[in-house]
Structures are given as structure tokens and as C-alpha cells.
Amino acid sequence: MTAPGRPPVLVTGATGRIGRAVVDLLTDAGVPVRALVRGTGAAVDLPGTVETVTGDLTVPDSLAPALRDVGTVFLVWTAPPGTAAAVVDRLAADPRRVVYLSAPHRTPHPFFQQPNPMAAGHAEVERLIAATGLDATIVRPGMFASNALHWWSAAVRGDGVVRWPYGTAETAPVDDRDVAAVVARTLCEDGHGGGDYVLTGPESLTQAEQVRLLGDALGRRLTFEELPPDEFRRRSPVDARPAVDMLLAAWNAATGRPAYVTPTVADLLGRPARTFRQWATDHATAFTGAPPPR
Ligand SMILES: NC(=O)c1ccc[n+]([C@@H]2O[C@H](COP(=O)([O-])OP(=O)(O)OC[C@H]3O[C@@H](n4cnc5c(N)ncnc54)[C@H](OP(=O)(O)O)[C@@H]3O)[C@@H](O)[C@H]2O)c1
């Protein structure tokens with residue numbers, strides 16, 4: 001249970017990439033954390049001091065126990081958007097602060113301006129939050145550095161040839177730990193109400209350069225082999241097609257220009273944003289050995 005006296009921060013997406021890191025940062029800082037989880041199995045990996053409460057964003061009534069006596073909420077929305085209005089209404093039923101993990105869909109750079117269902121979903125949740133007058137902070141990371149693990153680890157474990165489209169497209173991968181650190185800061189520190197923060201890594205890198213940097217971190221040569229976009233799409237699982245189409249459109253639009261880079265991580269945290277090289281070095285072991293269970 002949460003310590004008496006101080007209301008807990010409710011962390012949704014607590015078993016995911018950013019939410020899990022936010023849980024750790026808040027816990028390390030002595031902030032009481034309540035984690036929203038969908039099943040007890042997923043919760044076992046959370047620190048013992050974390051209160052876990054079951055609930056599902058697609059079943060708004062299930063959130064009542066999680067929201068009880070909570071003053072601040074970190075909202076991660078990867079579910080279908082159909083229940084967003086009912087959930088935001090519940091958040092707004094009591095005076096609460098909300099930090100919402102969105103994306104830079106308002107940023108006027110072609111990479112972020114390709115219409116896609118994920119951007120539309122984020123825009124809708126933001127619209128709903130704004131309409132309630134909730135005290136909200138919107139955090140908008142660009143590409144997560146950890147996408148490299150999802151995208152390229154199979155090739156790295158295999159023959160070391162990354163067959164991938166748009167090798168010259170530039171992005172500025174942001175370290176997940178920096179995203180989580182900004183979220184934790186905005187959850188705990190006054191003065192971020194109304195904040196709208198676009199987070200990127202510190203440098204623009206082509207996808208081929210990112211693969212090369214990953215090889216440097218692993219101490220081996222990785223080869224980037226250009227794959228035609230149609231072939232990439234054809235090889236993708238059918239259920240991943242919306243995300244694949246979003247990425248292909250973004251990389252295509254980004255080709256031939258530097259990625260959008262903001263100083264926001266450094267401005268908010270008072271230290272430089274981590275580089276992709278640093279991310280790759282710190283995660284090198286995740287690319288070796290047995291693949292994680294699926
Ligand atoms: N990847 C990128 O490069 C990138 C860039 C910018 C923005 N984003 C945004 O970041 C968000 C994803 O963050 P992430 O990568 O940290 O998430 P993630 O690793 O994909 O994890 C999703 C989390 O949401 C939980 N969840 C899913 N459906 C739920 C539901 N119906 N009710 C309650 N919880 C639910 C999952 O819980 P279970 O364990 O129960 O599944 C999990 O904890 C997305 O909104 C995405 O658009 C991503």
C-alpha cells in the first residue's frame with residue numbers, strides 16, 4: 001500500500017517502455033507510486049514498494065480504484081481511442097494534474113506531418129484533456145532510441161546485415177531514459193502546467209549511421225542494406241501495417257533534410273540529452289545472447 005499522507009502518482013503504461021522507467025525514477029526519488037496494470041502477471045516486475053491496481057483504459061469504470069485519492073496521473077494511451085472521452089472525464093472529476101505522453105504531431109517538420117492514426121489518436125486525447133480544463137503537461141518525444149532494439153536486434157543476432165528502407169532518412173532518436181526523466185520531473189515539480197515539450201535526441205543521424213553506431217557499440221561491423229519500401233511493407237506482419245505505413249511515410253518525407261532537434265531535454269534536466277551512441281553502448285548486451293521471450 002501507499003504510504004499514508006502523501007497522495008500517490010498514478011502511472012499508466014507502467015509495464016511499458018516509458019512508464020516502467022518513470023516508475024523507477026519516482027520510486028528512487030521516494031515518491032509514492034500507484035501503477036495501473038491490466039493483469040497481475042505483468043505487475044510482478046515492478047518494485048516491491050509500488051502499489052499495483054488493476055484497471056483497463058478501454059473499460060473506464062474499471063479505473064475507479066486506481067484513481068481514488070490520486071492527485072497526479074501519467075497517462076500513456078496505446079489503446080483504441082473509443083473510451084478516451086470517458087476516461088478523461090474521470091480524470092477531470094477531481095482536480096488533478098495530468099502528464100500525457102503524446103508525439104510531435106504539431107511540429108512543422110515533414111517527418112512529423114504525415115497523417116496517421118496514431119497522430120490522430122494523440123490529437124483527440126489532447127483535445128479532450130484541453131476541453132476539461134485539466135492542469136496538463138503534454139510530453140512529445142520523437143523516435144525512441146529503443147526502437148533500434150525492436151527493429152534491428154534480429155538482424156544483429158543473425159548475419160549482421162540490417163535490411164531496411166530509407167537508409168539516408170535522418171532522425172534524432174531520443175533516449176527513453178531522458179523521456180522518462182522529463183516525465184518524472186514534470187510529474188513532481190511545480191510550474192509545468194500548460195507545458196508542451198517536444199523531446200528529441202541531441203543530433204540528427206541517418207538510419208544507416210545509427211546502424212553503424214550500433215555496430216561500434218557492439219564491437220563489430222554491421223552492414224546497412226537498402227530495402228525497397230514496398231518490400232519492407234510486404235515483409236511486415238499484417239497487424240503492424242498501420243505503424244509500418246506511418247514510418248514509411250515519415251522516413252520518405254524526412255529524406256534529404258536534417259531531423260528536427262530540440263534542446264528541451266537539456267533545458268528541462270539541466271544536463272545534455274543522451275546521444276544515440278550512449279544508448280547503444282548502454283544497451284549492447286540486449287543485442288547479444290538469446291532473444292527475449294515473446
Ligand atoms: N515508439 C516511439 O518511437 C514513440 C515516439 C513518440 C511517441 N510514442 C508514443 O508512446 C506511447 C507508447 O509508450 P511506450 O512505448 O512506453 O508503451 P509500450 O511499451 O508500448 O507499452 C504500452 C503500455 O500501455 C499499457 N496498455 C495498453 N493497453 C492498455 C489498456 N487498454 N489499459 C491500460 N493499459 C494499457 C500496456 O500494458 P500491458 O502490459 O498490460 O500491455 C503497457 O504498459 C504511444 O502512445 C506512442 O504513440 C512512441
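The values are calculated or read from the model by the stated rules, or taken from the named source; none is laboratory data. Bear in mind that the values here come from a model prediction, so they are computed numbers and not experimental data. When we count neighbours, we look across all protein chains shown, and the Cβ atoms used for this are built from the backbone with ideal geometry, even at glycine. Remember, those area values only see protein heavy atoms, side chains included, never the ligands or the DNA or RNA. Shrake-Rupley method; radii C 1.70, N 1.55, O 1.52, S 1.80 Å.
Given points 7 Å out from each Cα along the Cα-Cβ axis, report the ALA64 to ASP135 separation in nanometres with one decimal.
Simple spin-label model gives 2.6 nm for this pair.
Could you please report the charge total around ALA130, scoring K, R as +1 and D, E as -1 over all other residues with beta-carbon less than 13 angstrom from its beta-carbon?
Local net charge: -2.
Which of rounded, prolate, oblate describes the chain, given a ≥ b ≥ c as roots of the alpha-carbon gyration tensor eigenvalues and a/c under 1.5 marking rounded, otherwise prolate only if a/b is larger than b/c?
prolate
Roll a 1.4 angstrom probe over the protein heavy atoms and tell me the percent of accessible area of the chain that is carbon or sulfur. It would help to have the intermediate numbers written out before the result.
On the way: 7470 of 13710 Å².
Carbon and sulfur together cover 54 percent of it.
Please state the shape class of region 192-294: rounded when a/c is under 1.5, otherwise prolate if a/b exceeds b/c and oblate if not, all from the C-alpha gyration tensor.
It is oblate, given that a/c is not under 1.5 and a/b is not larger than b/c.
Show the residues, 5+ positions off or on another chain, whose built amide H is closer than 5 Å to the amide H of ARG163.
Close amide H contacts, sequence-distant or interchain: GLU225.
Can you compute the helix-only [θ] at 222 nm over the chain? Use -39500 (n - 2.57) per DSSP H run of at least 4 residues, normalise by all residues, nearest 500 deg cm²/dmol.
Taking each H run of at least 4 residues, the total per residue is -11500 deg cm²/dmol.
With a ≥ b ≥ c the root eigenvalues of the C-alpha gyration tensor of region 72-164, is it rounded (a/c under 1.5), prolate (a/b larger than b/c) or oblate? List each step's numbers first, then the result.
Values: a/c = 2.78, a/b = 2.20, b/c = 1.27.
Verdict is prolate for region 72-164.
In nm, give the distance between the simple-model label positions of THR107 and GLU124, each being 7 Å from the Cα along the Cα-to-Cβ direction.
In this crude spin-label approximation the distance works out to 2.4 nm.
Quote the accessible area belonging to HIS150 in square angstrom, nearest 10, computed with a 1.4 Å probe and with ligands, DNA and RNA left uncounted.
Estimated to the nearest 10 Å², HIS150 gives 130 Å².
Counting pairs of alpha carbon atoms under 8 Å apart in space and at least six apart in sequence, what relative contact order in percent does region 148-264 give? Walk me through the intermediate numbers first.
On the way: 138 pairs, mean separation 50.9, N = 117.
Averaging sequence separation for qualifying contacts and normalising by length gives 44 percent for region 148-264.
Give me the one-decimal Kirkwood hydrodynamic radius in Å for region 118-182, with the sum taken over alpha-carbon pairs.
This gives a value of 14.8 Å.
Quick one: which residues, 5 or more positions from THR262 or on another chain, have an amide H under 5 Å from its amide H? H modelled 1.01 Å from N in the peptide plane, none for Pro or chain starts.
Counting only residues 5 or more places away or on other chains, the set is THR200.
Within the set of other residues whose C-beta is less than 14 Å from the C-beta of GLN278, count the net charge using Lys and Arg as +1 and Asp and Glu as -1.
-2
Principal axis lengths of region 1-159 from Cα atoms, whole Å, largest first?
52, 40, 28 Å, listed from the longest principal axis down.
For region 168-294, what does the accessible surface come to per residue with a 1.4 Å probe? Please give it in Å². Intermediate values should be presented prior to the final figure.
Details: 6440 Å² over 127 residues.
Result: 51 Å² per residue.
Just to confirm the filter: which trypsin sites (Lys or Arg not before Pro) across region 190-259 are DSSP coil and have at most 16 other Cβ within 10 angstrom of their Cβ?
Numbers: sites: ARG212, ARG220, ARG221, ARG233, ARG234, ARG235; in loops: ARG220, ARG221.
Qualifying residues, ordered by number: ARG220, ARG221.
Amide H neighbours of ALA35 under 5 Å, counting only residues 5+ apart in sequence or on other chains, H built in-plane at 1.01 Å?
So ALA35 has HN proximity to VAL11, GLU51, THR52, VAL53.
Give me the net charge of GLN210's neighbourhood, meaning all other residues with Cβ under 13 Å from the Cβ of GLN210; Lys, Arg count +1, Asp, Glu -1.
-3
Output the antiparallel fraction of DSSP beta bridges having both residues in the chain, as a percent to the nearest 5.
DSSP beta bridges in the chain are roughly 10 percent antiparallel.
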